[in-house]
Amino acid sequence: MSNGHHPPKATKPAARQAPARERRDGPTGSSLFVGSVAKAFRVLAVFDQGQRSLPLVQIASLSGLDLSATQRFVHTLVVLQRVRIRVPHPDPEAAL
């Protein structure tokens, strides 16, 4: 039975467009800003405070990064020869 009306056709839903990025004020709001580079500089800045040798936990605390991120940044900076790891020498008077 046809009454002149056709059933609706199945159509592919329109593709959703991502919302336009909101413009944020300041240099960190730019799409050109690389947050990882800023974090690496936070690690390096810890040593600008007069510290020459720090344990990883303290570097994390002073830089405001978590321990895992700090470990990755320090490793990368060591590979790039921007930071050196100081391995303590064993105490020559310690019993073997």
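Summary table below
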{"item": "Difference of contour (0.36 nm per residue) and Cα-Cα distance, V37 to V78", "result": "13.3 nm"}
{"item": "Summed residue charge, Cβ within 14 Å of F73's Cβ, Lys/Arg positive, Asp/Glu negative", "result": "+3"}
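Read-outs throughout are calculated quantities, based only on the coordinates presented, and are distinct from any laboratory measurement. Predicted, not measured: the structure shown is a model, and the values here were computed from it. Counting neighbours? That spans all protein chains shown, and the Cβs are built from the backbone with ideal geometry, glycine included.
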